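Visitor: Can you keep this structure in mind? I'll have questions shortly.
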Number of protein chains: 2
Amino acid sequence: MSAEPQPIHPRKLEIVEAAVTCFLEKGYHQTGVRDIVGQAGISLGNLYNHFKGKEAILVFIAKIEGQELSDFIDRLSDNDDPRATLGWFITDYAAYVSLPENALLGAEILTESLRNPAIADVFGRNRSRLIAALAGCITQGTKSGIFAPQVDPHMVACLILDALEGKGLRSLSSPSGDNLTRDAIGSFILNGLKP
Amino acid sequence: MSAEPQPIHPRKLEIVEAAVTCFLEKGYHQTGVRDIVGQAGISLGNLYNHFKGKEAILVFIAKIEGQELSDFIDRLSDNDDPRATLGWFITDYAAYVSLPENALLGAEILTESLRNPAIADVFGRNRSRLIAALAGCITQGTKSGIFAPQVDPHMVACLILDALEGKGLRSLSSPSGDNLTRDAIGSFILNGLKP
DNA sequence: AGATAATGAACGATCGTTCGTTCATAACAT
DNA sequence: ATGTTATGAACGAACGATCGTTCATTATCT
């Protein structure tokens, strides 16, 4: 989609990796560019040969996150069995957002998107695509009679994402039962979709 | 509960109010103490006569948020009709978290609690109380046979909060249909609780 | 008088960014 | 092949701005 035409300079990826490490540890605003270049093992000035500024790094990271989401979206689209599709999505997406790195980074990007238009643009686009794909899967199910017709697909799509991401955030501070609650969420929602 | 013994200096509340305004507009870390004292119309040094530092202001705000939550918790406790209780909670809490001020401030506090132990302490305590009260209401319902016994009350409690707060956050960037989705969430969950 | 509230200059630290420079490599000209 | 020019990654000092906090001082009250 938005893949860069020319291959990305390896140093650029090193910077991104270092930035992610710093953002996870201290958060975006608490991280200084000197933290990043220190982590990356490069000089201060060199960072600006690869990125326009600090914000551009976070935008780049948000775009990468969007690419990772594309995997889910693609698999959400081939849709002969919406019930099974929804099943693995809940399983896999729960695993994805339960990785501390993804949960923390997602929270960081979401929070920043509330006030930073550049981030909001990338984040909003990614989010809309994911919700649309998920809602599309549910719509498919209602059309084929597998799911109840009176439920709003878009609402359930948001509900699923909110529930799983909320669980991911919660697991940061309490290493509680993971797969159990994940399955509980899954069966509650699938049960609610039953006609 | 944690009400201060001696009455609070009016100036202290003015500072808090100003800080809230600033935090809403720019976020916690992007707000400088000079922004706060400017908004409050006081001098820079005087702020430190009322608060130990910038962080103490956010802790104070988090405690206030906890008191507002106490209203919900109290009403969640008298529990002769769990179904009706859950109904108004969803309605009222949705209204609460759909106010931009509450949604933004909640997100700010949550994000900060991920790395700031002082905030995490206050926030975590408040959150646990709310979840426990909500789960208690559901448990009451299952015991009296109104709700299905196989659903996990704690999971559903988290699901309700995640769904409503997610909706509140979403309404910040898209002023979409409010009460419609709120009711859709409510009936989906109440339907899922049916025995 | 004595306590409390209020002030703003000043401090050291850190912020994100810009700048002039070096240097190894690549492209080109002869 | 040899000398010349062009390119851009890498560097770190330096910039002006802002950060949160402290402090000596003044004003306002009981």
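Each reported figure results from applying straightforward, stated rules to the coordinates on display, with no laboratory input. Bear in mind that the values here come from a model prediction, so they are computed numbers and not experimental data. Using ideal geometry, Cβ is built from the backbone for each residue, glycine included, and neighbour counts are taken over all protein chains shown.
Visitor: Rounded, prolate or oblate: which one fits chain A, using the alpha carbon gyration tensor with axes a ≥ b ≥ c (rounded when a/c is under 1.5, else prolate when a/b beats b/c, else oblate)?
Guide: prolate
Visitor: For chain B, which longest stretch is free of loop sites, where a loop site is one of the trypsin sites (Lys or Arg not before Pro) that DSSP puts outside H, G, I, E and B and that has at most 15 other Cβ atoms within 10 Å?
Guide: Values: sites that count: B:Lys52, B:Arg115.
In short, B:116-195.
Visitor: Run down the lysines and flag those whose C-alpha is under 28 Å from the C-alpha of B:Lys194, throwing out any fewer than 8 positions away in its chain.
Guide: The reachable lysines, counting only those whose Cα sits under 28 Å from B:Lys194, are A:Lys143, A:Lys167, A:Lys194, B:Lys143, B:Lys167.
Visitor: With axes computed from alpha carbons, what is the tilt in degrees of helix B:153-173 against the longest principal axis of chain B, rounded to the nearest 10 within 0 to 90?
Guide: It works out to around 50 degrees.
Visitor: Here is a follow-up. Per residue of A:111-123, count partner chain C-beta atoms within 10 Å of its C-beta, then hand back the mean as an integer.
Guide: 3
Visitor: So, one more: Want the number for A:Ala84 to A:Gln150: 0.36 nm per residue separation, take away the alpha-carbon distance, what's left?
Guide: Working: separation 66, 0.36 × 66 = 23.76 nm, distance 2.03 nm.
Working it through step by step, the gained length comes to 21.7 nm.
Visitor: Given springs between every Cα pair under 10 Å in a Gaussian network model of chain A, which of A:Leu47, A:Leu180, A:Leu13 has the largest fluctuation?
Guide: Top of the fluctuation ranking is A:Leu180.
Visitor: If you count, for every residue in B:154-167, the Cβ atoms of partner chains within 10 Å of its Cβ, what is the mean? Walk me through the intermediate numbers first.
Guide: On the way: counts 3, 9, 3, 0, 8, 11, 1, 3, 12, 9, 1, 2, 7, 4.
Mean shielding count: 5.
Visitor: Same structure, new question: Considering chain A as a Gaussian network with a 10 Å cut-off on Cα pairs, which listed residue, A:Pro175, A:Pro82, A:Pro100, attains the greatest mean-square fluctuation?
Guide: In the Gaussian network model the winner is A:Pro175.
Visitor: Nearest 10 degrees is fine. How inclined is helix B:117-143 to the longest principal axis of chain B, computing both from alpha carbons?
Guide: The helix B:117-143 is inclined about 20 degrees to chain B.
Visitor: Then there's this: As I understand it, the value is the acute angle between the Cα axis of helix B:10-26 and the longest principal axis of the Cα atoms of chain B; what does it come to in degrees, rounded to 10?
Guide: The helix B:10-26 is inclined about 70 degrees to chain B.
Visitor: Can you give the direction-averaged projected area of the convex hull of the alpha-carbon atoms in the protein assembly as shown, in nm²? Walk me through the intermediate numbers first.
Guide: On the way: hull surface 85.3 nm².
Mean projected area of the Cα convex hull: 21.3 nm².
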